[in-house]
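To start, the structure itself, in structure tokens.
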Amino acid sequence: MKLFSIHRDNNHPYPPRVTAFTKPFWDALGKGQFLTTRCKNCQAQTFPPKVTCPHCWSSDLDWVEPGISGKLYSWTRVHAAPAVFVDIAPYALGIVDLDCGIRLACPIVTDQTLQCDIPVELISIEYRDGYQLAARPVAS
Amino acid sequence: MANRVALIGASAIPVGKHQTQEEDSIQVVEHEIMAKVVRDAMAEAGVTKEEIQSAIFTTPRPYTKQYYFHTFLTSHLKLRCTGNVMEVMGNGMTGSLAFDQAANEILLGRAKVSLALGINMESATAAYRHMMTSMRTTGDVDFHSPAGFTPISWYAMDATRYMHEHGATREDLAAVAVKNRYHASLNPLAQYRKHIDIESVIAQRPIVEPLGLYDVPPRGDGAVCLVLASEEVARSLGKPYVLLRGRGFYHEGLHQIDDAPNDMISFQAAAKASAAAYESAKLTPDDMDIAEFYAPCTIVEILVSEALGLVKRGHGAKAARAGETTLGNRIPISTSGGLTSRGHPALVTSLYNYVEILEQLRGTAGDRQVKNARLGITTGELGNYNAALIHIFEGMQ
């Protein structure tokens with residue numbers, strides 16, 4: 001379940017903050033792995049990773065690799081972008097429902113026309129100064 | 001009997017581009033606008049300055065130079081209050097929260113007359129700069145903003161999904177923009193009043209696909225003051241007023257997106273909050289004569305009309321296209337012109353919606369008056385409609 005990786009020659013337009021808690025996620029993404037947290041008490045998985053389980057509020061958590069395949073629930077292409085993203089607009093964004101039961105939102109990297117419910121997989125975008133989780137369509 | 005709250009007067013400036021550029025030699029400043037709006041609202045209400053016991057302000061944009069605006073204006077107007085004087089902030093819900101809190105001051109017996117008021121100035125800041133702030137209000141700043149999500153990108157994804165599930169077309173969505181522009185053409189407070197048609201909506205440049213320029217709200221400035229009073233005070237004035245009949249709130253514990261699949265376009269917060277509001281008013285969706293929504297995009301108006309039970313699920317776009325929500329027809333929605341044409345000075349937008357409700361339900365809406373309108377409903381929201389605050393009103397002649 002190694003993530004396909006795309007390399008970009010620029011710095012991240014709007015880099016995320018890395019915390020002591022989320023560092024395992026970012027480090028894994030750099031190695032081509034998608035990790036998130038699962039509650040040891042109620043087994044609920046959540047993304048983004050969270051210091052307390054949103055369901056039962058337990059802090060007894062595991063880092064797990066929940067899988068990278070899913071379906072595109074919805075998508076858009078942003079033409080009117082914030083200042084730091086103007087140079088890369090238009091760009092596609094989407095909501096992905098992973099087969100493991102997690103829903104997340106991320107960039108969709110593709111040249112093709114997108115449609116709801118098409119199969120997608122998570123990928124990573126490697127900037128000079130960090131990483132970005134994204135997704136791309138795959139053959140069904 | 002418990003206190004009941006009435007809306008007895010209002011004043012507002014036309015929504016538009018009022019904010020000056022930093023380099024302009026003559027500046028437009030917020031307190032000079034606001035002081036006159038308060039005076040005009042009070043004159044319309046017919047109560048005196050000394051009767052105001054509470055003033056709930058919407059928080060100004062960070063571009064407003066005078067910080068701590070509410071207490072500054074209270075000094076400018078020498079308002080001496082025993083109820084709360086405060087600013088509220090809740091993004092798109094800000095205006096609704098100000099109204100709700102001003103009503104609470106009366107319900108709690110702290111005030112017989114209270115104000116809900118505010119000014120939103122932002123048009124001199126270009127959209128791409130403004131979005132550097134607004135993108136931090138939606139989603140997670142470390143997991144969503146770095147991807148370039150903007151507030152309306154979430155609504156765009158609602159539109160994509162809705163079109164996929166219900167077979168709605170861009171033309172169906174465009175019908176909402178066309179209808180709102182027609183309503184705005186009859187509203188002196190509206191920012192854009194020239195007629196448009198479906199073809200011209202489709203022809204606009206894309207903003208967040210599938211939504212184009214006329215599907216999304218324009219940028220604008222606005223200022224509003226509402227005067228609320230106990231029903232006893234309202235009745236003593238001997239003229240029509242608008243009574244707050246019902247109220248409902250729901251936050252679904254989400255910020256833009258759930259971490260597990262759900263039906264994102266069912267707008268659960270609007271559905272649950274409106275159910276609570278209907279229940280508290282002992283009324284049903286069928287009783288409503290008008291509806292004034294917080295609906296920043298064409299798709300949002302469609303989804304809210306369904307969530308509030310005014311239109312059947314999956315039929316919102318078709319109903320708009322068929323004219324059911326146009327003035328003169330079954331359930332007129334956004335008779336002010338809505339956020340797409342009346343305008344969207346976001347933090348005071350909902351205050352403009354109460355102005356429209358007041359005009360319609362006391363019968364002073366002029367050319368856009370809905371005949372015999374007696375009951376109306378308003379909405380305010382957060383996130384991707386993850387929270388909703390709903391009010392129901394009745395006109396008392």
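The values are calculated or read from the model by the stated rules, or taken from the named source; none is laboratory data. Since we're looking at a predicted model, the values are computed, not measured. When we count neighbours, we look across all protein chains shown, and the Cβ atoms used for this are built from the backbone with ideal geometry, even at glycine.
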Pairs needed: first member in the stretch B:185-207, within 14 Å of chain A (Cβ to nearest Cβ) and free of Cβ contacts under 8 Å to residues at least 12 places away in the same chain; second member anywhere, assigned to a loop (DSSP other than H, G, I, E, B) and surrounded by 19 or more Cβ atoms within 10 Å (Cβ to Cβ); C-beta distance under 9 Å; at least 6 residues apart or different chains. B:Arg205/A:Ala80; B:Pro206/A:Ala80
Any chance B:Asp289 is surrounded by 18 or more Cβ atoms within 10 Å (Cβ to Cβ), under 28 Å from B:Arg181 (Cα atoms), within 22 Å of the chain's Cα centre (by Cα) and within 14 Å of chain A (Cβ to nearest Cβ): no
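Okay, residues lined up against (1) at the interface with chain A (Cβ under 7 Å from one of its Cβ atoms); (2) at pLDDT below 95; (3) assigned to a loop (DSSP other than H, G, I, E, B):
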{"site": "B:Ala111", "(1), (2), (3)": "no, no, yes"}
{"site": "B:Gly118", "(1), (2), (3)": "no, no, no"}
{"site": "B:Ser123", "(1), (2), (3)": "no, no, yes"}
{"site": "B:Thr133", "(1), (2), (3)": "no, yes, no"}
{"site": "B:Thr138", "(1), (2), (3)": "no, yes, yes"}
{"site": "B:Asp142", "(1), (2), (3)": "yes, no, yes"}
{"site": "B:Pro146", "(1), (2), (3)": "yes, no, no"}
{"site": "B:Trp154", "(1), (2), (3)": "no, no, no"}
{"site": "B:Asp158", "(1), (2), (3)": "no, no, no"}
For the stretch A:25-52, which positions are within 11 Å of A:Trp63 (Cβ to Cβ), of a type in the set (Ser, Thr, Tyr) and free of Cβ contacts under 8 Å to residues at least 40 places away in the same chain? A:Thr37
Selected residue [outside any loop (DSSP other than H, G, I, E, B), buried (at least 24 other Cβ atoms within 10 Å of the Cβ) and touching a Leu at 6+ places or on another chain (Cβ under 7 Å)] from B:Ala317, B:Ala388: B:Ala317
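Please count how many residues of the stretch A:104-140 are more than 22 Å from A:Pro15 (Cα to Cα) and not hydrophobic (A, V, I, L, M, F, W, C).
Counting residues in the stretch A:104-140 that are more than 22 Å from A:Pro15 (Cα to Cα) and not hydrophobic (A, V, I, L, M, F, W, C) gives 9.
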Looking at (1) touching a residue at least 12 places away in the same chain (Cβ under 8 Å); (2) crowded, with 19+ Cβ neighbours inside 10 Å; (3) not in a helix (DSSP H, G or I), which is the one condition that is false for B:Asp259? (1)
May I ask you to verify whether B:Ala174 is assigned to a helix (DSSP H, G or I), more than 16 Å from B:Ser153 (Cα to Cα), in contact with a Phe, Trp or Tyr (Cβ under 9 Å, 6 or more places away or on another chain) and modelled with pLDDT of 95 or more? yes
Can you pull out the residues in the stretch A:35-61 that are under 19 Å from A:Asp97 (Cα atoms) and small (Gly, Ala, Ser)? A:Ala44
What are the residues in the stretch B:160-184 that are of a type outside the set (Ser, Thr, Tyr), within 14 Å of chain A (Cβ to nearest Cβ) and closer than 14 Å to B:Glu209 by Cα, if any? B:Arg161, B:Met163, B:His164, B:Arg170, B:Leu173
